[in-house]
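Remarks on the structure that follows.
The values are calculated or read from the model by the stated rules, or taken from the named source; none is laboratory data. Source: prediction; values computed, not measured. In this analysis, Cβ positions are derived from the backbone assuming ideal geometry, glycine residues included, and neighbour counts consider all displayed protein chains. SASA here: full protein model, heavy atoms, side chains in, ligands and nucleic acids out. Shrake-Rupley method; radii C 1.70, N 1.55, O 1.52, S 1.80 Å.
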Amino acid sequence: IGLRNSHARFRDKYLPYILPEPLLAWLQTSIGDAIIPDAGFIYRGALSGKEAFSRAVQFYAHVRQGDVQFDPRWPRLGNLYGKVLVDDGYTTVRTYTGTLYDTVLADTLVEAIPQDKGLLVTVNARAKGPAADGVRILRETPLRETVGTTFDSWRVNQGTLATSLQLAIPLSGA
């Protein structure tokens with residue numbers, strides 16, 4: 001099945017109803033606006049039965065001006081340009097550019113890799129923007145639980161912050 005010149009607001013029409021309820025809820029609340037120039041879905045296998053090894057599910061989408069909020073405690077990512085690929089249980093999201101506050105994200109790669117008891121989510125990203133955004137992240141996100149009030153008195157009126165991020169997050173039961 002192919003799709004051209006669409007929008008993310010139509011996603012619910014195309015989500016398989018057999019997805020786990022928590023995943024459906026996350027997809028509905030986390031994925032915001034996006035232009036979808038093209039997308040495709042391939043299913044190969046029986047329509048009944050639970051023979052996971054005898055079927056294949058693949059999906060891809062190109063995304064422009066995407067908007068995602070992975071977790072309500074973290075800031076929304078905006079202006080995302082990239083692609084999403086799903087090959088059975090493996091998911092790859094590559095964004096070429098995007099924003100977090102006034103910081104520009106570049107060459108971001110997120111992978112969800114099936115493990116025996118869940119998923120391993122890896123994130124590799126580069127970012128460059130106002131140093132004040134870095135302090136804001138430390139104050140207004142769950143990182144505050146770790147750093148406490150240490151950065152509350154910091155004032156950053158100028159300067160640029162360039163950073164890279166590498167994360168590996170195991171998700172059990174996913």
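Just tell me the longest site-free run in the chain, where the sites are trypsin sites (Lys or Arg not before Pro) in a DSSP loop having at most 10 other beta-carbon atoms within 10 Å. List each step's numbers first, then the result.
On the way: sites that count: 50, 117, 155.
Longest stretch, sites excluded: 51-116.
What is the sum of charges, Lys and Arg at +1 and Asp and Glu at -1, for the other residues whose Cβ falls under 10 Å from the Cβ of residue 61? Don't skip to the answer; put the middle values down first.
Details: positive: 11, 83; negative: 38.
Computed value for this residue: +1.
Using 7 Å Cα-to-Cβ label points, what is the residue 153/residue 28 separation (nm, one decimal)?
Between residue 153 and residue 28, the label points sit 4.7 nm apart.
I'd like the per residue volume of the convex hull spanned by the Cα atoms of segment 114-174, given in cubic angstrom. Could the numbers behind the result be given before it?
Details: hull volume 5.4 nm³, N = 61.
Each residue corresponds to 89 Å³ of Cα convex hull volume.
P(r) for the chain: what percent of alpha-carbon pairs falls in each 5 Å bin, starting at zero?
The calculated distribution, bin by bin, is 2, 7, 13, 19, 19, 15, 11, 7, 4, 2, 1, 1, 0.
Take residue 70 and residue 126, extend 7 Å from each Cα along the Cα→Cβ direction, and tell me the distance between the two endpoints in nm.
1.9
If ligands, DNA and RNA are left out, what is the accessible area of residue 70 with a 1.4 Å probe, given in Å² to the nearest 10?
Rounded to the nearest 10, that gives 110 Å².
Per residue, what accessible area does segment 31-144 have, given a 1.4 Å probe and all protein chains present, in Å²? Mind dumping the intermediate values first?
Working: 6710 Å² over 114 residues.
I get 59 Å² per residue for segment 31-144.
If DNA, RNA and ligands are ignored and the probe is 1.4 Å, what is the ranking of 21, 140 by accessible area, most exposed first?
Working: 21 125, 140 105 Å².
Putting 21, 140 in descending order of accessible area: 21, 140.
Using the Cβ atoms and a cut-off under 10 Å, what net charge is assigned to the surroundings of residue 101, where Lys and Arg are +1 and Asp and Glu are -1? Let's see the in-between values first.
Values: positive: 76, 136; negative: 102, 133, 140.
Around residue 101, the surrounding residues sum to -1.
Just grab the label-to-label distance for residue 44 and residue 9, each label 7 Å out from Cα along the Cβ direction, in nm (one decimal).
About 3.6 nm, to one decimal.
Give me the Kirkwood hydrodynamic radius of segment 64-120 in Å, from all C-alpha pairs, to one decimal place?
About 12.3 Å for segment 64-120.
If you take the Cα Rg of segment 14-103 and divide it by 2.2 N^0.38 Å, with N the number of residues, what do you get? Could you put the intermediate results ahead of the total?
Details: Rg = 14.9 Å, N = 90, 2.2 N^0.38 = 12.2 Å.
Against the empirical 2.2 N^0.38 Å value, I get 1.22 for segment 14-103.
Counting only other residues whose beta carbon sits under 13 Å from that of residue 39, what net charge do I get with K and R as +1, D and E as -1?
On the way: positive: 4, 11, 13, 64, 83; negative: 38.
Taking every other residue near residue 39 into account, the sum is +4.
Roughly speaking, to the nearest percent, how much of the chain's 1.4 Å accessible area is carbon and sulfur?
Details: 6840 of 11870 Å².
Accessible surface attributable to carbon and sulfur in the chain totals 58 percent.
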